[in-house]
Amino acid sequence: MTLDITVAPAAPGTRATACLVLAVPEGSFPGSLAAVDTASAGAVLRLYAAKDFSGKKDEVAVVYPPGPAARIVLVGLGKGSAVTRTELRRAAAIGAKRARSLGAGVAEFHLAVEGRGTVSARIAGQVLAEGLGQGAWQFTEMKRPPEDPKAPLTGVVILASTDTAEMAAGAAVGAAVAEGQALTRRIQMLPGNVCTPTFLAEQARELAARHKLKVTILDRAAIVKEGMGALLAVAQGSAEEPRFIVLEYDGAPGKPVVLVGKGVTFDTGGISIKPAANMEDMKFDMSGAAAVLGAFEALGRIRPKVRVIGLIPSAENMPSGTAVKPGDVITSHLGKTVEVVNTDAEGRLLLADALSYARRYEPAVVLDAATLTGAIVIALGHTALGIMGNDDAVVEEVRQAGERAGERGWPLPMWDEYRELNKSDIADVRNTGGRPAGSITAGWFLREFAESFPWAHLDIAGTAYTDREDPTTAKGPTGMGVRLFTEFVLGRARA
């Protein structure tokens, strides 16, 4: 569901609303909110006086005062001197999530001026809109409606009595990113019997029509003609047809940024089958592909002056009498042969053909995102994504984009010694180097196919979805990669 995010040149406490969310820094009651307290007959100040709320990070309090606001939700930002765009985004997400749980329908949001820190009005508007979209999101379309449903959160008005134009300009960008992330999370959430490679292709067609983008879909026959032997090897065990999806956004002439997303719509592991426990989560193995679609949704709305290509290789990885087997040797699109040691290391095979295909665009840079290795969870947990690449400047550019986007990543070393682990006795390379340094050897496998352009790989296996509820996010898909991809592209557009 679309969240309508607007900015109004109004002070809080002056308008009738079902829910007024106030983001405030830690400490005493902010003087800028005196009018809100007056309108609520002192209810907010009494909350502070009783020491029931002090504005600590993630702290939330709800009051039901007299006055124009039926509810006032206070969200703590933490110490005002330490507030960054990340804290603002987080507070907005917490506030929107609480407003949604209260059934507010439409809410108003205000950031106390004491809590903005050194963040500019434009950036504040962007990150607040991103956070509001994150917190408001929910997935209910496959459930029967409850007997007494609460109204979903369909709109938020950001109240900005100063710097309104700058805040609105930033919020327009943030709202576009929020829509992209919502699209990604919905696609991630759909089960494997709905979200197939064909379904992903149809989503790309609809997105392209919506934003007047160019789209090309390669079916199995076209993939065979193109010589994508690695993609075909993964797909050959499934009754579902593979697809190779190309999206093109021509915002400016010049060499493009190419975004690649792994699109394994369900991953059983193939012949090297996974354990049954939690296999249902393998519907999330197309999260990289969903992130590319979400990024193009955002770019289609923002229309930055840069050229961007999206590549999505998509297949289902299933065990059957026709499936690729451990020990098989396949020929990739680049012409390199691959010994398939483990059929559960399949995502890198799809990406290998996509990286090879990207050469035709003579790209300025290529970024890929994939739920590639469980090893990244061991290395970085569920807090950061792993970054690898063949160009240190690009890796740092990606890391900084992730910091701005609130999708933090950490570089892993790509020393030549790790490449040795992927050597094969029978083919040019094998598709896994074993358990030691599993994320790095997977990155090195991809690097074998990124020969002629700057490239960075984002391993999002630990961050693409969550098995627990937290203050900002519902259990399930996170939409990881959309904000980072978009921030990276916008950075290139500004350069």
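Numbers for the structure displayed
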read-out	value
Loop-located chymotrypsin sites (Phe, Trp or Tyr not before Pro) in segment 395-492, at most 12 other Cβ atoms within 10 Å (DSSP)	415
Alpha carbon centroid spacing (whole Å) that separates segment 1-54 from segment 369-396	40
Computed lengthening from residue 425 to residue 6, 0.36 nm per intervening residue step minus Cα-Cα distance	144.8 nm
Sulfur and carbon atoms: percent of accessible area, the chain [1.4 Å]	52
Percent RCO, i.e. relative contact order, over the chain, from Cα pairs under 8 Å lying at least 6 residues apart	14
On Cα atoms only, tilt of 287-302 relative to the major axis of the chain in degrees	50
Value of relative contact order over segment 159-278, rounded to a whole percent, pairs C-alpha under 8 Å and six or more apart	26
Residue pairs, from the table 143/262; 225/336; 97/475, whose Cα atoms sit over 22 Å apart	143/262
Residues with amide H under 5 Å from that of residue 158, placed H, sequence gap 5 or more	6, 7, 8, 109
Centre separation in Å (Cα based) which lies between segment 82-155 and segment 402-433	37
For segment 411-456, size of Cβ-based charge dipole, Lys and Arg +1, Asp and Glu -1, in debye	180
Gyration tensor (alpha-carbon) shape descriptor, segment 338-495, a/c threshold 1.5	oblate
Kirkwood Rh in Å, taken over all unlike Cα pairs in segment 371-455	13.5
Residue-wise HN-Hα coupling along segment 201-218, computed from phi with Karplus coefficients 6.51, -1.76, 1.60 (Hz; x: Gly, Pro)	5, 5, 4, 5, 4, 4, 4, 4, 5, 5, 10, 6, 9, 8, 9, 10, 10, 9
Nearest-20 debye value, segment 1-76 charge dipole, Cβ charges on Lys, Arg, Asp, Glu	120
Calculated diffusion of segment 134-248, Stokes-Einstein form, Kirkwood radius summed over Cα pairs, 4 °C and 1.567 mPa s, µm²/s	73
Between helix 85-101 and the chain: long-axis angle, C-alpha atoms, 0 to 90°, nearest 10	80
Computed magnitude of the charge dipole of the chain (debye, nearest 20; Cβ of K, R +1, Cβ of D, E -1)	1100
Which of 28, 10, 39, positive extreme of dipole for segment 8-91 (C-beta unit charges)	10
Inter-centroid distance (Cα atoms) of segment 471-495 relative to segment 194-221, Å	21
Average projection area in nm² (convex hull over Cα atoms of segment 28-117, one quarter of hull surface)	5.4
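The values are calculated or read from the model by the stated rules, or taken from the named source; none is laboratory data. Please read all numbers here as calculations on a predicted model, not as lab measurements. Backbone-built Cβ (ideal geometry, glycine too); neighbour counts: all protein chains shown. Ligands, DNA and RNA are stripped out before the accessible areas are found, and what is left, the full protein with its side chains, is counted by its heavy atoms. Shrake-Rupley method; radii C 1.70, N 1.55, O 1.52, S 1.80 Å.
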